[in-house]
Structures are given as C-alpha cells and as structure tokens.
Amino acid sequence: MKWPTLWMKSNKNDFSYGIDSTIAQILALTTTYLFSTKVGVDMMTPTIIIGAITDKHHNTGYNDPLSQISEEQMSWIGSLIYLFSPVGSVIVSFLQDRFGHRVCMMVANVTHLLSVATLMLSEGSVGLYANSALMGFNSGFVTSFSLSYCGELCDPKLRGTLTAVLNLFYYAGYLCVTMMYAVTADWRLSVLFPAILSVINAAILFKTPDSPMWLMSRGRTEEAKNTFNKLRGGASEDKCAVEFRDMINYASEINLPTAGEKQEKSSINDSLYYFIKPETLKPLQLLMIMIFFINLLAGIPYTPYLISVFDKFQVSFHPAWATTMYTAFSVAGNVLTICSINKLGKRFLALCTMATCSVCYLSIGIVGNILPSSSVTSWIKIVLFFLSTFFSSMGIMPIVWILMCELFPMKSKNVGAGVSSAIFYILSFLMTKFYLDFEVLTGFYNTFVLFGALGLIGLVYLYFQLPETENKTLNEISEHFKCKNTKADVQPGLA
C-alpha cells in the first residue's frame, strides 16, 4: 500500500455529506468538547497552585499554610496529576468496551464534581496531593474515551478537524483558568467555575448517542445504522452506503458481529489478544517514540513551573500574565490546526512544527547561555518560547492525540488508545517530577539545548516512519499496519 510522502495526495474516497452532517457530528461531540475544557483546567491547576505557593514564598514569608510547602512537595503536586492519569486511561479502556461511551461519560461527570469539591476543601500538601491524583485520574479517564469516541463517530473527511477541536477546548480550559488567576490572584476561585461544565454535561448526555461502531460490536446493527444515518445529517442510504459498508468490512475482518449475529460480551482476554497483533503493536511503537519527543518539545517538563520559568526569563510583567499569554498562543495554534489539517495533512504539519519547535528550543538555549542578560535578550527568549508553544499546539501535540484514535484497529482501539495515553502521562510524570533535579544538574538553558537536539533526532525518525492518515478510512489505516513494511513512502523530490 502506497502512502503519501510529505504532502497529502487526493484519495479515491469522497465522504462529502454536507453541512447537516457536520452539524450533527459537532452536536454529538459537544459533551466530549466540554469534558476536554475541564481536562484543560485540571491539567493547568497544579501550575497556578505552584505559582501561588511561589508568590507566598516571595511575599509573605512562612506564615501562610501554602508557604510551608517545599520545592520537593511542589514537584509532587505538579507531577502526581500525570502519574494517576494512566490509571484512568487503562480502566476506561476496558469499561468502554463493555458499557459504551455514554456510561463512561456519566461516571466522568461524577468524578469531576468530586474533584472540584476536594480542591475546595484541600488544606496543606496532603490535600493537594490527593486532589492532583484525582484530577489526574479524571484526565486520563476522559481523554481515552474522548479520543475513541471521536474516531468512531466522525466521517473520514472531518475526523482530523473535529478531533483537533478537542485540543482547542483543552487549551481553552488552560486559558480560562490562567486568566482567572491572573485577574483574581485567587487559585481556589480560579478553578471553581468548571463545576458548571459538569452540570451542563449532565443535561446534554441525554441526547448524546453511543458510537455506531460500538453498537455494531454489541450486535445492535439496526440501532448502529440508524445512529450512523443521523450522524450523517439524514443523508440518503445510497450516499451513506460506501462508508457504512466499509465499517461492516472493518468489523467483519476483526470478527466483530454484524447483521443477524449474536454478540457475546467482550472479555479482557479478547482485547489483550488483539492488542499483541502487529496491526496494534506497530502503531503503538510509533506512538511511544513520537510521544517521547513531542513531550519534550511541547514544554511538558516546564508546564507546572511556568511562573518560575518566566521569572528566569526575566519578563518585564507579572509571570501570571505571561502564563496567560502562553495559553493564548496554545489556543491560537490549535485554531490554525483546525483550519489547515484537512488541506495540509497530519504528516506535513507534524514534521514542519516539530522542526520549528526544535529550532526555537535550541535558540533559547544558545541565547540564554551566550548572550548577556538584558531586556532585549529577555524578549528574544520569551518570543521564541511563545513561538514554540504556538507551533507545538498547531501541529505535534494535537496530531499525536488524533493519531491515537486513528491508528489502532477496532478490536484493540479502546485498549490501544488507553495504553497510548497512559504512556503519554507516565512520560509526562517522569519529566515533570524530575525536571527540577535535571535543571540543577545541567543548568536551566542547557535543558532547552538538549530538548531541541533530541527533537531533531525525533524529526528524522518521523520523516521515515509517520504515514499520512488524513481522509483515510479506519479500515485503510488498519490495512497499512498489517503490511510487512510500514515505512512512509519517501521519494526524492517530493519530500
């Protein structure tokens, strides 16, 4: 099977259902978009808590309970959210196989409200540890079912764009909580408003359908067909026939029940059996390596300590506002992803943005190590940092999450997405927990040099290994990874 080189090529499939289909899919995905906003708030919460602790250290001495928290304790507050995310990812990967996405959404709604209540009652480091762990569990739980739900619900032409919107709402959560903190300087008030999202979600859930693919996997083929037709805007049966037939072929190849067949409940052993097949292991290997390099270039090690990072850049305004600007650039980058991913393709965007982020990081390290500190060099460093944030949010970060919902075959999709997101969070935990020690060992600006150099190595790997998946059906993507040679089709002159 031939795949594109750097640019996307046209595909024989034309899944054009019209505006009614797009609206139907967006409405069905509204719940996952609101969940993504809450996840963004949760993931940024340790950053503003650590920022508040830093401010207490600087301004009030050691009379306030927050000011008693040490640097070591701060590293746990910042990293525990990543450590417990894999737990949520793995648990939901098996729950959604058995109970479907809607039930998982109901559970997530309850745990989100519980996390807000826990945070409001937290006093001292122990309460903040517990809350960070619970928010981490929620983030992993929600991320996994959101990815698989989007991948199964959307038509191939819109899948990349509508899944990228998940990241837009995620970064919108970032922006809201950091802006609230910059304005109010009260971290508790800043994280209270997401409770409203859970109330709204509870109402919307009554109208949220299960994915047609999951319904088919439970032997509910007629219901799957009706849901599929609604999601395609009530298009005629003839117009839906090609994609629905491809879905049936996709199901039959992995022994899922289709029309007239009885369905036995999927077992964990069955999911694990498909998990060790090449069409699952090959994309998992690709994603593992991709996640490692992307985490470095997307600023994951720095995120809990952003206010301290901006202090070291010697910004001329309050670091809390610099953090708000950081999240605003994340939102702007993701908006551009939504507008461009269908035209440029995921491969081109991933390679270009990864190269840009690597150069920005190397430049920050060189400027910080060689040039003397001044207002000019301070602005150079912060502009380069914001540029890396913009481009990572435009390409490499949202694309790796989109690939998680595309690359795995149906039978191992939920487990594959769960394990992949678990790997993301485990690596994020290790990078954030030990970043402060690593910075002491190498020096602040040398971390940028090292991460940028590693990014260039990752760029070479992805150039040869990352295929284009935009406007491909899930069946076509699965077929690609069954091939013995899964390298991207790289030809001189087209790269």
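Brief remarks follow.
- Hey, I338 surrounded by fewer than 22 Cβ atoms within 10 Å (Cβ to Cβ) and in a helix (DSSP H, G or I) or not: yes
- Matching residues, segment 448-484, being basic (K, R) and surrounded by fewer than 19 Cβ atoms within 10 Å (Cβ to Cβ): K482, K484
- When the residues of segment 395-433 are filtered to those that are farther than 17 Å from F145 by Cβ and of a type in the set (G, A, S), the one that is surrounded by the most Cβ atoms within 10 Å (Cβ to Cβ) is G395.
- If only residues of segment 282-305 that are assigned to a helix (DSSP H, G or I) and among the β-branched types (V, I, T) are counted, the one that is most open to solvent (accessible area, probe 1.4 Å) is I289.
- Pick from segment 143-164, criterion aliphatic (A, V, I, L, M) and over 23 Å from G88 (Cα atoms), ranking: least open to solvent (accessible area, probe 1.4 Å): L162
- Criterion: outside any helix (DSSP H, G or I), open to solvent by 10 Å² or more (accessible area, probe 1.4 Å) and over 23 Å from F169 (Cβ atoms) - qualifying residue of S316, S308: S316
- Condition check for S16: open to solvent by less than 60 Å² (accessible area, probe 1.4 Å), over 20 Å from A172 (Cβ atoms), of a type in the set (G, A, S) and modelled with pLDDT under 75: yes
- If the condition is being under 15 Å from C154 (Cα atoms), in contact with a Gly (Cβ under 9 Å, 6 or more places away or on another chain) and either assigned to a loop (DSSP other than H, G, I, E, B) or modelled with pLDDT under 70 (or both), then segment 209-231 contributes D210, S211.
- Subset of segment 169-226 [open to solvent by 30 Å² or more (accessible area, probe 1.4 Å) and of a type in the set (S, T, N, Q)]: T184, N226
- Filter pass, T323 being touching a Phe, Trp or Tyr at 6+ places or on another chain (Cβ under 8 Å), in a helix (DSSP H, G or I) and under 25 Å from M180 (Cβ atoms): yes
The values are calculated or read from the model by the stated rules, or taken from the named source; none is laboratory data. Since the model is a prediction, treat every value here as computed from it, not as a measurement. Note that we place each Cβ from the backbone using ideal geometry, even for glycine, and neighbour counts take in every protein chain shown. Accessible surface areas use protein heavy atoms only, side chains included; no ligands, DNA or RNA. Shrake-Rupley method; radii C 1.70, N 1.55, O 1.52, S 1.80 Å.
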